[in-house]
Amino acid sequence: MYGLNLIDIIIIIIYFAAIIGIGIWASLRIKNQEDYLLGGRKFGRLVQTFASFGQATSADGPVGTVTTTFKNGAAGIWSSLLMVFATPMYWITSPWLRRMRVLTLGDFYEERFGSKKMAAAYAIIGAIGMMGLISVGYVAMNKTILAITPKTVQEYTPEEKMEYDRAMVLNSLEERDYVSLTAQEQAQLKELRIEQPRSVFSYFNESIVVWIVCLVIIIYAVFGGLEAAFYTDMLQGVFIIILSFLLIPFSWVRIKNVYGAGSGDSAMNILHDKLPQAFFEIFGSPTLIDFTWYFIITASLVAAVTVVTQPNQLVTNAAAKDEYSARFGMVTGGFIKRFCTIMWGLVGLSAVLLYTGKVHNPDLVWGYTIHDLLGPAKLGLVGFMISSMMAALMSTASALMLTVSGLMLHNVYKPLVPGKSEKHYVWLGRIFGGAFLAGGALIATQFDSILEILKFIWEFFVIFA
């Protein structure tokens, strides 16, 4: 059914039901803005650890890491590992954020500089930036579901079949030496590179999937507030950790069966024998130079300096019951993500050996790996992985949503409309949160068009600068 087994669908439904139930339960406990935005500041080390891990780990984490590792080798893990050197800074900064006793980071700028306008500007810029981040998570989740639930070529609509044929032509031209192409073929290659026709189509409409997930987040997080977000983060965190490990044994067994049958070599030894040495260079290589040592050092320094300016850091730390819980949870949750990133990188390296030449779009490698390795087992593992990808997105989306809700409510709306009841402000916060999630979903459904517009603007400035 739609490329999934019945047990996969049942697992996804149970997951949705569980987090919606948590959201309804938490909504009944909200009495004021502090309850809604910071969960009453009552969370201990365990909850803080999963909250930190959840808000830092979205669906684009595993998808992006596997994509960059597939293209760059082991150095690709730096796409998600750049914050590893800044993580110890959380031990210093978390108590500061907990000690502020404010509801949003915009409140700090207002108190520090005595300017409501500065706080409002920070709130608006922060909301726009985080809306972009959540849209990337929606897109990553979509790409994974697309690759997990592909149609067969025989099931394509006439329009999909035409686009598929153009994608096959593009792949054929890409594999040939450019010098050997005729002038007509070179022009066709240029045109197809701009178009980027798809070769894989899902049973699911991508826009509908985005809006369903958006609706579920609205139900449990917009109504349940931070308490619902943090308790679901604990459930979702377990899902994400299992997700990070689950594909490794399956991929290693496949490598052993395909490339090491009859030998005593381990999967890792086979990887080292079959892949070029450049794929094992951690800081890039002469052929894989996207993540050089100086790029990593520069990005890490920037991350360490800017860590306290991120608005969602205040929400996560300020919700702790004391400074040590904030400090412990932030550092521990951060290092759990760094460890999971290494697991995603191992999956990416395995995919290089297993799927080079089979998967032409690197963004689909993670989903294709799930479909190819876990699907044949028919044990509900595909449904579990889809739930885990949704969990990764939802844990981050709920934290960012509540951050934006607080910023817009406390630093934009409340200065303009003071003196209202707590109930009034809580409901306005819910409206702002829902609008943020819907805006991110809208950007995600129009992602390719927006990228084309931004590319045109960039080329315009390059030409006329």
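Calculate what fraction, in whole %, of the accessible area of the range 6-111 sits on carbon and sulfur atoms when a 1.4 Å probe is rolled over the protein chains. Exposed carbon and sulfur together represent 68 percent of the surface.
For the range 121-215, carbon and sulfur atoms together expose 61% of the accessible surface, with a 1.4 angstrom probe and every protein chain in place.
Think of the chain as having a plus end and a minus end, set by charges on the Cβ of Lys, Arg, Asp and Glu; of THR369, TYR138, PHE50, PHE50 sits farthest toward the positive end of this dipole. Near ILE282, no amide H atom lies under 5 Å from its own; only residues 5 or more places off or on other chains count, and H is placed 1.01 Å from N. Using the Cβ of THR87 as centre and a radius below 14 Å, the other residues enclosed give a net charge of +3, where K and R count +1 and D and E count -1.
Taking the range 4-98, how much of its Cα-Cα pair set, in percent, is spaced more than 18 angstrom apart? Result for the distance tail: 68 percent.
Taking a sphere under 15 Å around the Cβ of ASN312 and counting the other residues whose Cβ falls inside, with K and R at +1 and D and E at -1, yields a net charge of 0. Amide H contacts for SER202 (H built 1.01 Å from N in the peptide plane; partners 5 or more residues away or on another chain; cut-off under 5 Å): LYS151.
With contributions of -39500 (n - 2.57) from each DSSP H run of at least four residues, the per-residue ellipticity at 222 nm computed over the chain stands at -24000 deg cm²/dmol.
Give the calculated FRET efficiency between ASN32 and ARG198 to the nearest 0.05, with a Förster radius of 41 Å applied to their Cβ-Cβ distance.
0.25
Membrane-span-like helices in the chain, defined here as complete DSSP H runs extending at least 27 Å along the helix axis by their C-alpha atoms with mean Kyte-Doolittle hydropathy no lower than 0.5, are 6-27, 116-148, 223-259, 323-355, 381-408, 422-445; this is a sequence and geometry rule, not a statement about a membrane.
Its Cα centre serving as origin, the chain has a Cβ charge dipole (Lys and Arg +1, Asp and Glu -1) of approximately 1600 debye. The calculated FRET efficiency for THR152 paired with TRP25, based on their beta-carbon distance and R0 = 56 Å, is about 0.85. Among residues other than ASN32 with Cβ under 14 Å from its Cβ, the summed charge is +4 (Lys and Arg +1, Asp and Glu -1).
For the chain, the solvent-accessible area of protein heavy atoms averages 46 Å² per residue (probe radius 1.4 Å; ligands and nucleic acids excluded). I need to check one value: relative contact order of the chain, counting alpha carbon pairs closer than 8 Å and at least 6 residues apart, in percent. So the answer I get is 40 percent.
The values are calculated or read from the model by the stated rules, or taken from the named source; none is laboratory data. For clarity, every value in this text was computed on a predicted model and none was experimentally measured. Counting neighbours? That spans all protein chains shown, and the Cβs are built from the backbone with ideal geometry, glycine included. What goes into the accessible areas is simple: the full protein's heavy atoms, side chains included, and nothing from ligands, DNA or RNA. Shrake-Rupley method; radii C 1.70, N 1.55, O 1.52, S 1.80 Å.
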